[in-house]
Amino acid sequence: MAQGARSPLRGRGGPTRIDPVRMWVIAAAVVCGLGALVWTLAAGFADTQVALAFGVLIAVGELVRITLPGRRETAPIASAGAIGYALLADIGGRPVHHSAEQVVAVVALGLALGELPHIAVGRGPRWSDLSRRLLTAVALAAAFRPFADLLSPAPRDWWLTLAVMIALVLAAWCVDAALAALIRAERVGTRISVALRDEFRAQFGIGMAIGATGILISLACTATGLVGLLVFIAPLLVTQVAFRRFADIRLTYLQTVRALSRVTEVGGYVEAGHSRRVSELATAIGCELGMRESELRELEYAALMHDIGQLSLRDPIASGATVLAAPREQRRIAELGSAIIRETGVLDPVAELVRRQCEGCEGDGAAGPPPLGSRIIKVANAFDDLVGESVDPDRGEAVLERLRMDSGGEYDPEVVEAAARALHRARPRW
């Protein structure tokens, strides 16, 4: 779940949910884009060469869009171009007079053209992210274009224009982050406050780079003309490459962890799909309990590798169900699994979650209660050990009742109830 918007408990037969906020965002973008395009075609394009240049820039930027950790799709160059065009007042010392409707039409056409190659190869966009990029341009254009002539960056009042631009970009960024948080909270079932904090943290760096570049483009074009597009896109391109490398490294981590988690399945120590199901249930529980995205990522890694210590067993446990093993054997499996994970040198917090997964909710000694992630893995693992791939709702309810009976000793009652909510959210019959 830390890697994004997988539906909770995929594979347990849960129905596909429709997210109202996401649908409203997409619908608003479609209405604004089509309405602005029809209006502009009827009224005619102003400053056609400028519109074409920015449209091409936006299309190229959308073509090279990237996906950041958390499956956040972003197009820094396209977004900066859209901001620059919305805030453009002069081009080479000559005032421009394009309307807010034309800004939205040009941005919509640029985004659509940039997406066509992706769609042609079956790599369609995340429609909510694409819609938010267009709605950002709508908000900026609606707020700035009616007053563009009054705020023309003359030498004596450049600071006022700059202040207005910065304020508008910051406001648009905050609204965009809030929309992203609402969509994420609805999709994964976490608290809005947690989702909002995660979105602000995740988007702060690249969001500031995009906003600053868009403002610089609009101001630079006043003196240099359309050459300013190329001058100020170059630094953003370098930033985009750096973010892409970061995202690739994070993806490599996840792929490596998933490969390791499959070793126990291939070796016949656990049932096929067990690690994946435990990971999905654990991350769904974490969302219910309001864990931050960074904590969810560690929880996902730990849940995927929670049984890796079984590789040390001479004789596999029946069906790999560690919940049926003796406490001493559970502890040994957890300790060995933790030691294996620590050998990576970069996943020590994950190793600690795995090490303490076998402890009761009060802990086994002076160390105190185990981390929340360990308590979540213990519940998720027990549920899947006892239910497996079954989609029988009665069996699921019976297992939940069994876990409730052991609450306060073996299992954290708050975690058990969060598991029940997560299961009901994914499948209303449970």
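The values are calculated or read from the model by the stated rules, or taken from the named source; none is laboratory data. Values in this document were obtained by computation on a predicted structure and should not be read as measured data. All Cβ positions, even for glycine, are placed from backbone atoms using ideal geometry, and neighbour counts span all protein chains on display. What goes into the accessible areas is simple: the full protein's heavy atoms, side chains included, and nothing from ligands, DNA or RNA. Shrake-Rupley method; radii C 1.70, N 1.55, O 1.52, S 1.80 Å.
The single condition among (1) part of a loop (DSSP other than H, G, I, E, B); (2) without any contact (Cβ under 8 Å) to a residue 60 or more places away in the chain that LEU111 does not satisfy is (1). For segment 261-285, filtered to residues that are outside any loop (DSSP other than H, G, I, E, B) and over 24 Å from the mean Cα position of the chain (by Cα), the residue that is surrounded by the fewest Cβ atoms within 10 Å (Cβ to Cβ) is VAL266.
Residues in segment 286-344 that are β-branched (Val, Ile, Thr) and either open to solvent by 60 Å² or more (accessible area, probe 1.4 Å) or part of a loop (DSSP other than H, G, I, E, B) (or both): ILE317, ILE340, THR344. Scanning segment 327-353 for residues that are under 25 Å from the mean Cα position of the chain (by Cα) and β-branched (Val, Ile, Thr) returns VAL346, VAL350. Candidates in segment 82-100 are the residues that are of a type outside the set (Val, Ile, Thr), part of a strand (DSSP E or B) and touching a residue at least 24 places away in the same chain (Cβ under 8 Å); of these, the one that is farthest from ILE58 (Cα to Cα) is PRO95. In the set (1) over 13 Å from GLU62 (Cβ atoms); (2) aliphatic (A, V, I, L, M); (3) in a helix (DSSP H, G or I), the condition left unmet by LEU116 is number (1).
Have a look at GLU300, GLU288 and point out the one that is under 16 Å from the mean Cα position of the chain (by Cα) and under 29 Å from VAL188 (Cβ atoms). I'd like the intermediate steps shown before the answer.
Numbers: GLU288 fails: under 16 Å from the mean Cα position of the chain (by Cα).
After applying the criteria, what remains is GLU300.
What about PHE204, is it in contact (Cβ under 8 Å) with a residue 60 or more places away in the chain and open to solvent by 50 Å² or more (accessible area, probe 1.4 Å)? No, not satisfied. Of the residues that make up segment 112-135, is at least one at pLDDT 90 or above, surrounded by 24 or more Cβ atoms within 10 Å (Cβ to Cβ), farther than 25 Å from ILE183 by Cβ and in the same structural domain as ILE210 (by TED's automatic domain parsing)? Scanning segment 112-135, I find no residue that is at pLDDT 90 or above, surrounded by 24 or more Cβ atoms within 10 Å (Cβ to Cβ), farther than 25 Å from ILE183 by Cβ and in the same structural domain as ILE210 (by TED's automatic domain parsing), so the answer is no.
Of the residues that sit in segment 55-99 and are of a type in the set (Ser, Thr, Tyr) and modelled with pLDDT of 90 or more, which one is farthest from ILE249 (Cα to Cα)? Before you say what the answer is, go through the steps one by one.
Taking segment 55-99 and keeping what is of a type in the set (Ser, Thr, Tyr), we get 67, 74, 79, 85, 99.
Cutting the leftovers down to modelled with pLDDT of 90 or more gives us 79, 85, 99.
Numbers: SER79: 24, TYR85: 33, SER99: 42 Å.
Ranking the qualifying residues of segment 55-99, first place goes to SER99.
Evaluate the following for ALA177: is it assigned to a helix (DSSP H, G or I), modelled with pLDDT under 90 and open to solvent by less than 30 Å² (accessible area, probe 1.4 Å)? Steps first, please.
Values: assigned to a helix (DSSP H, G or I): yes; modelled with pLDDT under 90: no; open to solvent by less than 30 Å² (accessible area, probe 1.4 Å): yes.
No.
Of all positions in segment 143-162, at least one carries a residue that is at pLDDT 85 or above and touching a His at 6+ places or on another chain (Cβ under 8 Å). In segment 30-49, the residues that are more than 15 Å from GLY110 (Cβ to Cβ) reach residues that are in a loop (DSSP other than H, G, I, E, B) and among the β-branched types (Val, Ile, Thr) with C-beta atoms within less than 9 angstrom, at least six apart or across chains, in these pairs: ALA46/VAL96; ASP47/VAL96. Against the list (1) assigned by TED's automatic domain parsing to the domain that holds GLY189; (2) open to solvent by less than 30 Å² (accessible area, probe 1.4 Å); (3) not charged (D, E, K, R), the condition ALA212 fails is (2).
Among the residues in segment 352-371, are any touching a strand residue (DSSP E or B) at 6+ places or on another chain (Cβ under 7 Å) and surrounded by fewer than 24 Cβ atoms within 10 Å (Cβ to Cβ)? Please lay out each step first, then the result.
Step one: list which residues in segment 352-371 are touching a strand residue (DSSP E or B) at 6+ places or on another chain (Cβ under 7 Å), which gives 361.
Those left that are additionally surrounded by fewer than 24 Cβ atoms within 10 Å (Cβ to Cβ): 361.
Yes - at least one qualifying residue is present in segment 352-371.
Taking MET165, is it within 22 Å of the chain's Cα centre (by Cα), at pLDDT 80 or above and part of a helix (DSSP H, G or I)?
No; evaluated as a whole, the condition is false for this residue.
Contact annotation: residue pairs with Cβ atoms under 6 Å, 6 or more positions apart or on different chains, pairing a residue in segment 281-307 that is in contact (Cβ under 8 Å) with a residue 60 or more places away in the chain and assigned by TED's automatic domain parsing to the domain that holds LYS378 with a partner that is of a type in the set (D, E, K, R) and assigned to a helix (DSSP H, G or I), are THR283/GLU300; GLU288/ARG421; GLU293/ASP198.
Only residues that are outside any helix (DSSP H, G or I) and either under 24 Å from THR252 (Cβ atoms) or among the charged types (D, E, K, R) (or both) were counted in segment 345-360, giving 5.
Quick one: would you say THR252 is under 22 Å from the mean Cα position of the chain (by Cα), polar (S, T, N, Q) and modelled with pLDDT under 80? Walk me through it before giving the result.
Values: under 22 Å from the mean Cα position of the chain (by Cα): yes; polar (S, T, N, Q): yes; modelled with pLDDT under 80: no.
For THR252, the condition - under 22 Å from the mean Cα position of the chain (by Cα), polar (S, T, N, Q) and modelled with pLDDT under 80 - is not met.
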